[in-house]
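Structure, as structure tokens:
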Amino acid sequence: MGPYCSFCERKMPTSLAVEHIQAKGLAQYANLIGTWENFLLACVNCNSTKGTKDVVLNALFLPDRDNTFHALAYHADGSITASAHAQAAGFEPMVDATLALTGLDKAAVNTADHQGVLIALDRILQRAEAWAAADIARANVAANPDSDAMRSMVVQLATATGFFSVWLTIFSGDSDMVLRLIRAFPGTEASGCFEALIGTSRTPSPNLDALPFGAKI
């Protein structure tokens with residue numbers, strides 16, 4: 001977990017909200033208020049955009065029970081789309097629902113949440129900036145492949161920046177860096193979504209807590 005939004009993955013050292021997956025404002029989920037399996041950490045933008053939407057657990061992917069890295073593809077312009085794996089499995093509608101839940105499908109324009117707060121431009125630009133930083137870091141590692149200090153510095157930069165999936169995408173061809181990143185971001189290795197020795201993405205998610213409608217990918 002750590003100080004990262006469960007949805008957009010940006011680092012939020014402050015202003016993290018405890019997000020109720022099934023909105024506490026909906027009467028049918030009153031029995032889930034305060035239950036651990038109904039919590040995720042979210043930034044205020046993702047939390048606000050999600051609002052009181054009714055989350056249909058079997059119709060989208062959630063990071064506490066599915067391997068969302070396997071479902072989503074990250075791009076240099078900050079956009080997120082369905083991964084090739086998700087497309088091949090016919091999961092594009094579920095990916096669309098996942099991104100729409102917190103507004104991660106919005107274009108980089110002045111898009112506001114339901115409270116009028118501008119959100120899309122901020123998150124997309126931050127993701128694009130993380131991609132650029134990770135790409136420079138990859139070049140530095142490639143120029144100094146045997147430097148453990150360089151690799152350690154890159155991992156420190158990644159954890160300070162957030163956007164784990166962006167960094168993992170950039171370094172997908174370097175198994176050592178992949179393992180370092182998986183081990184550095186809190187909760188990632190323990191999720192079981194990545195092979196312990198080689199770092200490849202595991203699907204479906206093992207859903208170790210046996211959460212409802214988990215392990216869809």
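The values are calculated or read from the model by the stated rules, or taken from the named source; none is laboratory data. For clarity, every value in this text was computed on a predicted model and none was experimentally measured. Cβ sites come from the backbone with ideal geometry, for glycine too, and all protein chains shown count toward neighbours. Side chains are part of the model used for accessible areas, which takes the heavy atoms of the whole protein and leaves out ligands, DNA and RNA. Shrake-Rupley method; radii C 1.70, N 1.55, O 1.52, S 1.80 Å.
Overview of results
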{"quantity": "Stretchable slack from Leu32 to Ser175, in nm (0.36 nm times residue separation minus alpha-carbon distance)", "calculated": "47.5 nm"}
{"quantity": "Crossing angle, helix 92-101 versus the chain [Cα axis fit, 0-90 degrees, rounded to tens]", "calculated": "80 degrees"}
{"quantity": "Tilt relative to the chain, helix 120-143 - C-alpha long axis, 0 to 90 degrees, to 10", "calculated": "20 degrees"}
{"quantity": "Accessible area per residue, Å², the chain with all protein chains present, probe 1.4 Å", "calculated": "47 Å²"}
{"quantity": "Helix 148-161 axis, angle to the chain major axis (alpha carbon atoms, nearest 10°)", "calculated": "20 degrees"}
{"quantity": "Accessible surface of the chain, 1.4 Å probe, proportion on carbon and sulfur as whole %", "calculated": "58 percent"}
{"quantity": "Other-chain or far-sequence residues with amide H under 5 Å of Glu19's (modelled H)", "calculated": "Leu40, Leu41, Ala42"}
{"quantity": "Contour excess over end-to-end distance, with Cα ends at Ala139 and Ala215 and 0.36 nm allotted per residue", "calculated": "23.9 nm"}
{"quantity": "Mean Cβ count within 10 Å, highest first, over the residues of peptides 41-47, 139-145", "calculated": "41-47, 139-145"}
{"quantity": "Solvent-accessible ranking of Lys24, Lys106, largest area first, probe 1.4 Å", "calculated": "Lys24, Lys106"}
{"quantity": "Estimated FRET transfer efficiency (Ala190, Thr14; beta-carbon r; R0 35 Å; 0.05)", "calculated": "0.90"}
{"quantity": "Compactness of the chain as Cα Rg over 2.2 N^0.38 Å, two decimals", "calculated": "1.00"}
{"quantity": "Protein-only accessible surface order, largest first, of Phe91, Phe163 at 1.4 Å", "calculated": "Phe91, Phe163"}
{"quantity": "Additional length obtainable on full extension of the chain from Ile198 to Asp54, 0.36 nm per residue less Cα span", "calculated": "48.1 nm"}
